[in-house]
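Remarks on the structure that follows.
Nothing in this text is a laboratory measurement; each read-out follows from the coordinates by a stated rule. Not measured: the values here are computed from a predicted model.
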Amino acid sequence: MSSPKALWRTESFLAGFLQCVLFSVIAAHRLVDRDEGFYLMAAKLVAQGQTLYHDFAFSQMPLTAYLYGYWMAFTSVSWESGRLLSGLLTGILGGLIYGQVGRLTGKRSLAILAVLLFSSCSFTVGWMVLIKTYAVSNLLLFGAYCLLWKDSWKYHRLASGFLFALSIDARLLMAAVLPVFLYATRREKQWMGWLLGCGLGLSLNLVLLLKNPQNFWFNNLGFHAMRTTGGLVGGFDQKLSVLSKMLAIQGADGSMSIQLLVMGLCTVLLAACSPSREYRVAIFSILALAGVSVLPTPTFSQYFSTLIPFLVLCTVGLIDRCQKSADVVSQALGRVMIGAGLVCVLVGGIDLAHYCGISTPWQTYGAELNQAWKISGVQEVSRSINRHSQPGDVVYASWPGYLIETYTVPLPGTEMDYPRFLGLGLRMSAEQRTRYHILSKPETLQQIREGKTTMVVNGIGRGEGDETMAMHQMLLNTGYQFAESVGQCGIYVRSR
């Protein structure tokens, strides 16, 4: 007969498998996010042998680009391939949550509730299934947390430190949890093995750091300090506005606000009940991640998706504590929180519809805009680019995502579209732009006029009204011909 531990491992594997299927389907239908364009472009260039930071700009830590790049090198360079990896990583994270809840509570019903909360959470279906840092960094951080308590394995501290370092390699803000994990490993010099693993994981950055230290630091810190006039940490009115909306103080951010309030309240109540060491570490991790997620300028609600695995864990932890209590009031509170959790699960469908572009009584979408932001809409533009170009042609696209499934190469300095979109290039000197592989908007237009590109794709982010018409007229006056209109994009080809 199987032991309880073996049974939980089997159930965790099954829960993870089912969630991999679920999130892969959601990932395939989730509307495209603008950020995904430069993430996927970086992965494509890495798969082709280029070096991050040294050959092109990338404003994040390196692991995400290399992970998706190597994945696509073995599968295919496509939107479906990238989204599939995100769905699989998110599903594996769901399996870990199931297993950890089972280990802490021993209750299958609470493990299932945890999976339902995680799978229906707006942060999960909205942001973790995208080709961004969230699926990778969240899985690695929570995996590091789970390994902290796996005493049956001799090297669990070393492995935990290694995974924690990899989470930083994917998303720098994860470093905020370092003091929490050191606190968790403080007994009996266990922190030595953990720090060794952490050092091994961080050492993977040395290749890129030593090859071009100035570019490495700029892309990971300097870029974010210059991206807005507010600096690295600023724009406090904007931060307050985002937090107020998330917490439903001024308006609400869809069902996300309900879920965040319920799980946040459960975490606060659990913290007041002298929780066990495992829950204390989870609570401190939530505080560290919440604090650091407010710092970047500007602040976006998606940054707080890093809290979700720990919030789910603390929510079911409170319910478990209430159920085990002999106090009638505590037991009643547990039943109320189960009901609130089920409400969170039910309202999650509202935001899921929103993220997939499905019209509801609360929100409707125009057919043209909806199609433009679907994966199929982006691929339609890519097919048009391939029809009007030859392999190796240099193309300027107002959004790099259009070039992912083409045989063309982006105009050097435009692999990442945000510097021009945010006007960052104008706040940099010419020497900085050259060193960091970033073109300003005027420089981009000059390259187009000089015929450095064989094609221009003017689409997402191209501007409205007079700006679009001015671009159209400039292209016609400098030797480009209007070839085709696809969705919301205009395709212009230079006479050969």
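Over the C-alpha atoms of the chain, what are the Rg and the largest Cα-to-Cα span, Dmax, in Å?
So, for the chain, Rg and Dmax equal 23.9, 82 Å respectively.
Just how many pairs of Lys in the chain have C-alpha atoms closer than 22 Å, counting pairs that are eight or more places apart or on different chains?
Count of close lysine pairs: 15.
Taking only complete DSSP H runs, can you tell me which helices of the chain stretch 27 Å or more along their own long axis by Cα positions and average at least -0.5 on the Kyte-Doolittle scale?
Numbers: long enough: 4-29 (38 Å, 0.86); 79-105 (39 Å, 0.59); 328-355 (41 Å, 1.44).
Helices meeting the span and hydropathy rule in the chain are 4-29, 79-105, 328-355.
Kindly provide log₁₀ I(q)/I(0) values, in the same order as q = 0.16 Å⁻¹, from the Debye equation applied to equal alpha-carbon scatterers of the stretch 371-494.
Log-scaled intensity ratios, in q order: -0.74.
Could you give the radius of gyration (one decimal) and Dmax (whole number) of the Cα atoms in the stretch 98-227, in Å?
17.0, 52
If amide H atoms are built 1.01 Å from N in the plane of the peptide, which residues on other chains or at least 5 residues away come under 5 Å of the amide H of VAL486?
Here the answer is ILE491, since their amide H atoms fall under 5 Å of that of VAL486.
Which value at 222 nm does the chain reach when only helices count, each DSSP H run of 4 or more adding -39,500 (n - 2.57), with the total divided by all residues and rounded to the nearest 500 deg cm²/dmol? Numbers along the way, then the final one.
On the way: 23 runs with 296 residues, N = 496.
After summing the helix terms and dividing by the residues of the chain, the value is -19000 deg cm²/dmol.
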